[in-house]
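The values are calculated or read from the model by the stated rules, or taken from the named source; none is laboratory data. Quantities reported herein were computed from a predicted structural model and do not represent experimental measurements. Note: ideal-geometry Cβ built from the backbone for every residue, glycine included; neighbour counts use all protein chains shown.
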Amino acid sequence: MFLVPLALTIYAFIDCLNTSEEETKHLPKIAWVFIILLFWIVGPVVWLIAGKTRRSAAGASGPGSWQRSRRQQWVAPDDNPDFLKSLKDDRKPDAEAEEERGRRDGTNPDDKAPPAS
């Protein structure tokens, strides 16, 4: 009988600490922390019922929908067309500089020397 209220208090305490100030209802976050810790069994129950704004399942704002939308936003660098374009843009000045050096030297970087026999 001692472990269940202790686990409930620890869960509510951690949940309260991880909740942003905007999501707490009725009282400031620090007041909820004191209520959870001072009123050992009643405090965590009140926090879970009335202390935090809960999202409804109809809004589909649960962890699953967050993960799905997060996966759609992030793209690996080798699949990201903007990143690949930036690589091409970064290489252009190097290629143009090498071509310019070849013109000054009178050689073309595409020219190959014939094999020596």
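Details
- Condition check for Ile41: free of Cβ contacts under 8 Å to residues at least 24 places away in the same chain, out of contact with any Phe, Trp or Tyr (no Cβ under 7 Å at 6 or more places or on another chain) and among the β-branched types (Val, Ile, Thr): no
- Filter result for Arg70 (surrounded by fewer than 12 Cβ atoms within 10 Å (Cβ to Cβ), basic (Lys, Arg), at pLDDT below 80 and touching a Pro at 6+ places or on another chain (Cβ under 9 Å)): no
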